[in-house]
Amino acid sequence: MLRLVLVLLLVLPGFALEWAHQPSSGAQVASFRPEIALYFPPGAPLPYQQARMFLDDREVTGDCTKTGLFISFRPVNPLQRGAHQVRVEVGETRQSWDFEVIGSKLIQGCVFDVPARTKAFDRVKVEMRGQTRGTAWAELVGYPEKYPLKETRGLYRGSFKVPAKLAGKSAQIEVFLDHDQLLDRQLCEGQLTIAAQNLSVSWLTPLNGATVESRVKAEGQALPDCTVEIKVKTFFRDGVDFGKLPPNSRHVVKCDTEGKFVFEYHFPAGLPRLGVTLVAVAHDAMDNASEPAGLLLYQGRKVSLPPLRTDLPPR
């Protein structure tokens, strides 16, 4: 008989029974990662395996624990301060409630410093004042990376390079402090605005016109993760042919996450006093091309060969 009454109360309109849950309705909680749970009425024939949970209208069912007694969820990432809404759907039944995260007061303030006209890979310095002997880090809001902050008598400091993926975007910096299983978080005042990067390519080393060994490693800079096409053309530096030059060649290298690339060139054996021209062109994901950048290198030791003649020979 009791089982029948429970079923009727669950399905009849006008009987919106509130099931036991945590946090309780309207509760203020200190934890940024509170356990959120809904407990099913005992003896109710509910399809608990089909239960779905939503937090702030975002479904979190895939990260929930479900049994015949309850459905529960603990956020992986800390929640924001303020009100949060929970909704659970079990068959035709819905249960909704809200609670407020007030957090723990561990942080007294934070600031950050960046160069004027900030661009990708510039260094961001972060300082935070807070409870001593904690574990602290900074984050860019909306991005998963955590940047550790080291403490000296309650002053936490750290730095990180601006990620290339922020080029042309803005982001806020937020600091976190974990102390004795309590967590606090705070947004730093101001916003980090990153200038957009132009598609360009340049050579860093060796210097243009340098005399190099027969094996040379040339390094350049372009945009992160783009490709660089390098055209290679050799020539006799004195204008006198000492044999047959190798054919012109084309090579493609990939930039790393900071836009750096490396190209190794080996001068052909048996051909003295050669020069080489390396012409680089960067290509982005849309196959847009940069302006070409040339690098001129001469083979030979600086002290092993006489200097090139620049005057005209006598008649």
Handout entry: region 84-138: trypsin sites (Lys or Arg not before Pro) in DSSP coil with no more than 12 other Cβ atoms inside 10 Å
Key = LYS105, ARG117, ARG133
Practice task
Under a cut-off of 22 Å between alpha-carbon atoms, report the lysines in cross-link reach of LYS231, not counting same-chain residues fewer than 8 places apart.
Solution key: LYS217, LYS244, LYS254, LYS260
Exercise for the section: Taking 7 Å along the Cα-to-C-beta vector as the label spot, tell me the LEU245-ARG133 distance in nanometres, rounded to one decimal. Expected result: 7.3
Handout entry: Cα-based radius of gyration of region 252-293 once divided by 2.2 N^0.38 Å, which approximates compact folds
Key = 1.54
Handout entry: Solvent-accessible surface (1.4 angstrom probe) belonging to ARG58, in square angstrom, nearest 10
Key = 140
Handout entry: Sulfur and carbon atoms: percent of accessible area, the chain [1.4 Å]
Key = 52
Problem - By accessible area with a 1.4 Å probe, ligands and nucleic acids excluded, highest first: order of VAL111, VAL253 - result: VAL111, VAL253
Exercise for the section: Just the Kirkwood number for region 81-184, please: inverse of mean 1/r across all distinct Cα pairs, in Å, one decimal. Expected result: 15.9
Completion exercise
With the 1.4 Å probe rolled over protein heavy atoms, region 13-161 has an accessible area per residue in Å² of 58
Completion exercise
Residue-ordered couplings for region 254-265, obtained by feeding phi - 60° into the Karplus form 6.51 cos²θ - 1.76 cosθ + 1.60 and rounding to whole Hz (Gly and Pro as x), are 10, 7, 7, 5, 9, x, 7, 9, 10, 10, 9, 10
Problem - Of LEU245, LEU192, LEU177, the one that fluctuates the most in a GNM where the chain has Cα springs shorter than 10 Å - result: LEU245
Problem - Viscosity 1.567 mPa s, temperature 4 °C, Stokes-Einstein D of the chain from Kirkwood C-alpha radius, µm²/s - result: 50
Fill in the blank from the handout: Rounded to a whole number, the Stokes-Einstein D of region 136-284 in µm²/s (Kirkwood radius over Cα pairs; 10 °C; 1.306 mPa s) is 82
Fill in the blank from the handout: Ratio for region 201-257, C-alpha Rg to 2.2 N^0.38 Å, reads 1.37
Handout entry: Alpha-carbon spread of region 117-164, three principal axes, descending order, Å
Key = 33, 21, 11
Completion exercise
1/(1 + (r/R0)^6) with r = Cβ-Cβ of VAL253 and GLU92, R0 = 45 Å, i.e. FRET efficiency to nearest 0.05, evaluates to 0.15
Problem - Point-charge dipole on Cβ atoms (K/R +1, D/E -1) for the chain, about Cα centre, debye to 20 - result: 1300
Handout entry: region 79-169: GluC sites (Glu not before Pro) in DSSP loop, at most 12 other beta carbons within 10 Å
Key = GLU92, GLU145
Problem - VAL212 long-range amide H proximity, modeled H, under 5 Å - result: TYR298, GLN299, GLY300
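The values are calculated or read from the model by the stated rules, or taken from the named source; none is laboratory data. Small disclaimer: the values here were computed from a predicted structure and weren't measured. All Cβ positions, even for glycine, are placed from backbone atoms using ideal geometry, and neighbour counts span all protein chains on display. For accessibility, only protein heavy atoms count, side chains too; no ligands or nucleic acids. Shrake-Rupley method; radii C 1.70, N 1.55, O 1.52, S 1.80 Å.
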